[in-house]
Amino acid sequence: MARDCDVWKGETMKRIYTNLDPSRVGLYQSLLEENGVGTFIKNNNAPYKEGWPELWIVDDDQYEASLELFKELDTQLSVPVGAWDCPECGKHVDEGFGECWNCGSLKAS
Ligand SMILES: [Zn+2]
């Protein structure tokens, strides 16, 4: 689970990701937590003018591995531009969606 940043005073903490969108930061956080990387979020509830939510990892030895995880997630999340027709079921999928609303197939890249 996420921990309050004040708990962690170690020198090895490293900021790994920041995004204006807290839900995106949360998504990256759960990815890391699922893979055993200790994390916390700064500025999670800050007014957005005061700073974007920041995802930190507790142990910077896991930094490189974490970036690799992000790359995989980015590949999955990369949403193709434009509407497309599903090759599996033939349904029309609107612009901005990377997977078919009907059968869940991913758009071919
Ligand atoms: Zn489909």
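Evaluating Lys91 against the criteria (1) more than 15 Å from Val37 (Cα to Cα); (2) surrounded by fewer than 12 Cβ atoms within 10 Å (Cβ to Cβ); (3) at pLDDT 85 or above leaves one unmet condition, (2).
Looking only at the range 92-109, residues that are within 6 Å of the ligand (Cβ to nearest atom) and in contact with a strand residue (DSSP E or B) (Cβ under 7 Å, 6 or more places away or on another chain) come to 2 in all. Pairs meeting the criteria (first residue in the range 46-75 and in the same structural domain as Lys14 (by TED's automatic domain parsing) and within 12 Å of Lys14 (Cα to Cα), second residue among the aromatic types (Phe, Trp, Tyr) and at pLDDT below 90, beta carbons under 9 Å, at least 6 apart or on different chains) are Trp56/Trp8; Val58/Trp8. The set of residues in the range 4-22 being modelled with pLDDT under 85 and among the polar types (S, T, N, Q) consists of Thr12 alone.
The residues of the range 80-91 that are out of contact with any strand residue (DSSP E or B) (no Cβ under 8 Å at 6 or more places or on another chain) and without any contact (Cβ under 8 Å) to a residue 12 or more places away in the chain amount to a single one, Gly90. Selection of first residues in the range 24-45 that are closer than 16 Å to Leu73 by Cα and of second residues that are in a helix (DSSP H, G or I), restricted to Cβ pairs under 6 Å at least 6 apart or on distinct chains, gives the following pairs, ordered by first then second residue: Leu31/Leu69; Leu31/Leu73; Leu32/Ser66; Asn35/Leu69; Val37/Gln62; Val37/Ser66.
If you go through the range 10-38 and keep only what is in a loop (DSSP other than H, G, I, E, B), of a type in the set (A, V, I, L, M) and farther than 15 Å from Tyr63 by Cβ, you end up with just Leu20.
The values are calculated or read from the model by the stated rules, or taken from the named source; none is laboratory data. Keep in mind that this is a model prediction, so the values were computed, not measured. FYI the Cβ positions are ideal-geometry reconstructions off the backbone, even for glycines, and counts take in every protein chain you see.
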